[in-house]
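K.L.:
Input: one structure, supplied below.
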Amino acid sequence: MSPENMQLQFEIDQLNAAYAAALDEKRFDAWPEFFLDDAHYMVQARENFDRGLPLALMALESKGMMKDRVYGITQTIYHGPYYTRHVISPAMVLSSEGDTVNAQANYAVFRTRPGGVSEVYNVGRYVDTLKRTGGGLKFSRRLCVYDSEMVLNSLIYPV
Amino acid sequence: MNAPQALSRWSQPGSSRVPFWAYTDAQLYQQELQKIFYGAHWSYVGLEVEIPNTGDFKLSFIGERQVIMVRDRIAPKDRATDHGIRVVENRCAHRGVRFCQQPHGNARSFVCPYHQWTYKLNGDLAGLPFKDGVKDGECTNGGMPEGFNLQDNGLTKLRVAVLHGLVFATFSDDAEPLEDYLGPNVMPWINRIFKGRQLTLLGYNRQRIPGNWKLMMENIKDPYHPGLLHTWFVTFGLWRADQKSRMVMDEKGRHAVMISRRNEGGQAAVTEGVTSFKANMTLNDSRLLDVVPEPWWKVPDPSNPGADIMPTVTMITLFPSLIIQQQVNSLSTRHIVPRGEGEFDFVWTHFGFADDTPEMTQRRLRQSNLFGPAGFVSADDGEVIEFSQDGFRQWGEDGSTLCELGGTGTEMTEHMVTETLIRSMYAYWKKVMAV
């Protein structure tokens, strides 16, 4: 691997680590800031992805919609409280051309409720397109394709 | 536990107090499977559009029994009278194996992997290895006994009814024809969405909810909660108590339609003291609620001859296991699959119409952010259902819920400030379950 590619993978891994920390520490206002203004964020069941069916569990088409989701999480969607813990694999860089990078990483999100055991909540892979900006790498698209055939009741926070 | 019950375990009059044991008793749940899901009721299995080609199949459930919905070969002469949709049980007649493990696919026949018993798409047993024994010189070893008949050993075949692309099935010979089962009050609201339209499949969402299956039917027969639990509904006027609305049901009270028309939302008498109402809430990206009225929303009003009615939302509950949602431009079927008395799977199938523009498809997908297991609105429902079941479980036999908004009767209403549809469902349930 060339030093440039090693550097790029390191940067993406650091970005994923920071992304996970924001969500796991419930700093939800920080979450849309990982994205460009017109970025897409989708959480989609693998069966839909594999069959080319367009429905997603969450389909947000701008940073504005992501902020609306954050308002939903923090102010409007009634839900039992829980923590998440993200474990994200090293990124696999698929391509890098100009300021655009395509990459993938596996993720597992565990859920822990007050008084409860930790459960495997959502498992899948991130399919990402990133752009290099003055402020570092930002997602222009993050698609979370999850294997988990059943959502454990509800999914409130982004993964 | 099999000793005869006292004459009536349901000690309260009427159906406005639902005992906790209706949700928590494991033995009663087994009886529900027999009397309701495997009894004289029609259950939703899927959409015709999910199996467009001959041999296409998908797995589904009726109660806890897994079934296969499949499109059979049809002779040209029968095409006018036979829709070709079959529903068979996914259980080999030989040793009981749930032989089909692919959730969907295309098949020429079904073969059980254990001993290669082979079935036609309609469930008939086509053949099995060593039926006539295995020759060993002059003698023949083994084989099925004399009198063994292929015809008598097929898969369980269910009765099937297809209504405007919705596929229903029943294990019972006694269930009345589907349209009679649904009844003349409910049928116009199914016709409004489906009649004469080709559907397109947008995809699935699946969630596992730790609560009794009836709680989900109740949730969609409960017009009281949406304007209180769901901030988006009350704030943006998608569903709230000051809207023109109507509660419709079939004559037995088991099916229902909640019909309403959105208003502008905002502050009003119905938002006073409602903590979920957010007076200053606006969206950063208003495309999440980019509602465009569709021509089919407006229909002749079934209860007012000569007048039209144009609801923006119709929530249809078809007992025992189907909810059909039209909430502005978002359309879905929601299928309840019970798993014991304290848990069910909830399968959402979102659809559109074949003549939708790409913009309308995009709009339907965007509005699906409101619904489903992560929905701005519906995620709340799964959560409160779980906590309802927790509450029932911690008390015990003599506890009951209180459903007396709008009184204790079971009549239809021209408003939504009522729990009449829940009372009606339990009046029917009590009879069927003989409790």
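What follows is calculated from the coordinates using simple rules that are stated; it is not laboratory data. It should be emphasised that the depicted structure is a prediction, and the values quoted were computed from it without experimental measurement. For neighbour counting, all protein chains shown are included, and Cβ atoms are generated from backbone atoms with ideal geometry for every residue, glycine included.
K.L.:
What three numbers, in Å, describe the spread of the alpha carbons of chain B along their principal axes, ordered from the longest?
P.N.:
That gives 93, 59, 42 Å along the principal axes, largest extent first.
K.L.:
Going toward the positive end of the dipole of the protein assembly as shown, with +1 on Lys and Arg Cβ and -1 on Asp and Glu Cβ, which of B:415, A:98, B:42 do you reach last?
P.N.:
Result: B:42.
K.L.:
Please state, as a whole number in µm²/s, the translational diffusion coefficient that the Stokes-Einstein equation yields for the stretch B:301-375 at 4 °C and 1.567 mPa s, with Rh defined as the Kirkwood radius across alpha carbon pairs.
P.N.:
Details: Rh = 14.3 Å.
Estimated via Stokes-Einstein, D reaches 91 µm²/s.
K.L.:
Right, next: Around residue B:379, under 12 Å between beta carbons, what's the net of Lys plus Arg minus Asp minus Glu among the other residues? Intermediate values should be presented prior to the final figure.
P.N.:
Numbers: positive: A:69; negative: B:380, B:381, B:383, B:386.
Net charge in that neighbourhood comes out at -3.
K.L.:
As a quick test, which of the pairs A:63/A:131; B:35/B:58; B:157/B:431 have an alpha carbon distance above 21 angstrom in this structure? Each step should come with its number before you reach the end.
P.N.:
On the way: A:63/A:131 15 Å; B:35/B:58 25 Å; B:157/B:431 28 Å.
Pairs exceeding 21 Å: B:35/B:58; B:157/B:431.
K.L.:
Another question, if that's okay. What fraction of the Cα pairs in the stretch B:104-241, stated in percent, has a spacing above 18 angstrom?
P.N.:
On the way: 7360 of 9453 pairs.
Summing the P(r) tail past 18 Å for the stretch B:104-241 gives 78 percent.
K.L.:
Any chance you could tell me what percent of the C-alpha pair distances in the stretch B:1-134 go past 24 Å?
P.N.:
Percentage above 24 Å: 48.
K.L.:
Could I ask something else about it? Note down the relative contact order for the stretch B:1-141 as a percent, whole number, built from C-alpha pairs under 8 angstrom at least six residues apart. It would help to have the intermediate numbers written out before the result.
P.N.:
On the way: 168 pairs, mean separation 20.0, N = 141.
Reported as a whole number, the value is 14 percent.
K.L.:
Continuing with the same structure: Give me the net charge of residue B:48's neighbourhood, meaning all other residues with Cβ under 15 Å from the Cβ of residue B:48; Lys, Arg count +1, Asp, Glu -1. Write down the numbers at each step before the final one.
P.N.:
Working: positive: B:58, B:71, B:79, B:86, B:195, B:197; negative: B:50, B:56, B:72, B:82.
Residues near residue B:48 contribute +2 overall.
K.L.:
Return one quarter of the surface area of the convex hull spanned by the alpha-carbon atoms of chain A, equal to its mean projected area, in nm². Write out the running numbers ahead of the final one.
P.N.:
Values: hull surface 39.1 nm².
The number I arrive at for chain A is 9.8 nm².
K.L.:
How crowded by other chains is A:59-71, given as the mean number of beta carbons from other chains within 10 Å of each beta carbon? Walk me through the numbers before you get to the answer.
P.N.:
Working: counts 8, 4, 7, 4, 2, 6, 8, 2, 3, 11, 6, 1, 7.
Across the residues of A:59-71, the mean count of other-chain Cβ atoms within 10 Å is 5.
K.L.:
Return the subset of B:221/B:278; B:214/B:278; A:138/B:278; B:195/B:252 for which the Cα-Cα distance in this structure is over 28 Å, preserving the input order.
P.N.:
Values: B:221/B:278 25 Å; B:214/B:278 31 Å; A:138/B:278 32 Å; B:195/B:252 24 Å.
Over 28 Å apart, Cα to Cα: B:214/B:278; A:138/B:278.
K.L.:
Right, next: Rounded to the nearest 500, what is chain A's calculated 222 nm mean residue ellipticity when only DSSP H runs of at least 4 contribute -39500 (n - 2.57) each, over all residues? Let's see the in-between values first.
P.N.:
Details: 3 runs with 37 residues, N = 159.
Estimated from H runs of four or more residues: -7500 deg cm²/dmol.
K.L.:
Would you mind giving the average projected area, over all directions, of the Cα convex hull of the stretch A:89-141 in nm² with one decimal? Mind dumping the intermediate values first?
P.N.:
On the way: hull surface 19.6 nm².
Result: 4.9 nm².
K.L.:
Could you work out the mean projected area of the convex hull around the alpha carbons of the stretch A:41-124, in square nanometres to one decimal?
P.N.:
On the way: hull surface 30.4 nm².
That works out to 7.6 nm², a quarter of the Cα hull's surface.
K.L.:
So which trypsin sites (Lys or Arg not before Pro) in the stretch B:330-435 end up in coil per DSSP with only 16 or fewer other C-beta atoms within 10 Å? Please list the in-between numbers first.
P.N.:
Numbers: sites: B:334, B:339, B:363, B:364, B:366, B:393, B:423, B:430, B:431; in loops: B:339.
Answer in residue order: B:339.
K.L.:
Neighbour counts of other C-beta atoms within 10 Å: give me B:60, B:245, B:400 arranged from fewest to most. Write out the running numbers ahead of the final one.
P.N.:
Values: B:60 24, B:245 21, B:400 18.
With the sparsest Cβ surroundings first, the list reads B:400, B:245, B:60.
K.L.:
Using each residue's phi in the stretch B:229-239, evaluate 6.51 cos²θ - 1.76 cosθ + 1.60 at θ = phi - 60° and report the 3J(HN,Hα) Karplus result to the nearest Hz, with x for Gly and Pro.
P.N.:
After applying 6.51 cos²θ - 1.76 cosθ + 1.60, I find 6, 9, 3, 4, 5, 6, 6, 9, x, 7, 7 Hz.
K.L.:
What net charge is computed for the residues neighbouring residue B:205, neighbours being all others with C-beta under 14 Å from the C-beta of residue B:205, Lys and Arg scored +1, Asp and Glu -1? Can you show the working numbers first?
P.N.:
Details: positive: A:46, A:51, B:206, B:208, B:334, B:364; negative: A:47, A:149, B:345, B:381.
Within the 14 Å Cβ shell, the charges total +2.
K.L.:
Still on this structure, I have one more. So for the protein assembly as shown, considering every pair of alpha-carbon atoms, how many percent are separated by more than 38 Å? All intermediate terms of the calculation are to be shown ahead of the outcome.
P.N.:
On the way: 65419 of 176121 pairs.
Result for the distance tail: 37 percent.
K.L.:
Let me ask something additional. Taking only the alpha-carbon atoms of the stretch B:205-280, what semi-axes of the equivalent ellipsoid follow from 5 times the gyration tensor eigenvalues under a square root, in whole Å, largest first?
P.N.:
On the way: eigenvalues 125, 60, 19 Å².
Equivalent ellipsoid of the stretch B:205-280: 25, 17, 10 Å, largest first.
K.L.:
Oh, and also: For the stretch B:141-238, run through the GluC sites (Glu not before Pro) and keep only the ones in DSSP coil with at most 10 other Cβ atoms within 10 Å of their Cβ. Each step should come with its number before you reach the end.
P.N.:
Numbers: sites: B:146, B:179, B:218; in loops: B:146.
Taking the stretch B:141-238 and a limit of 10 other Cβ atoms within 10 Å, the loop GluC sites (Glu not before Pro) found are B:146.
K.L.:
Name the GluC sites (Glu not before Pro) in the stretch A:66-159 that are in a loop by DSSP and that have at most 13 other C-beta atoms within 10 Å, would you? If you can, show how the numbers build up before the last one.
P.N.:
On the way: sites: A:97, A:119, A:149; in loops: A:149.
Within the stretch A:66-159, the qualifying GluC sites (Glu not before Pro) (loop, at most 13 other Cβ atoms within 10 Å) are A:149.
K.L.:
Mind listing the lone cysteines of chain B, meaning no other Cys beta-carbon sits under 4.7 Å from theirs?
P.N.:
Among the cysteines of chain B, those whose Cβ sits 4.7 Å or more from every other are B:100, B:139, B:403.
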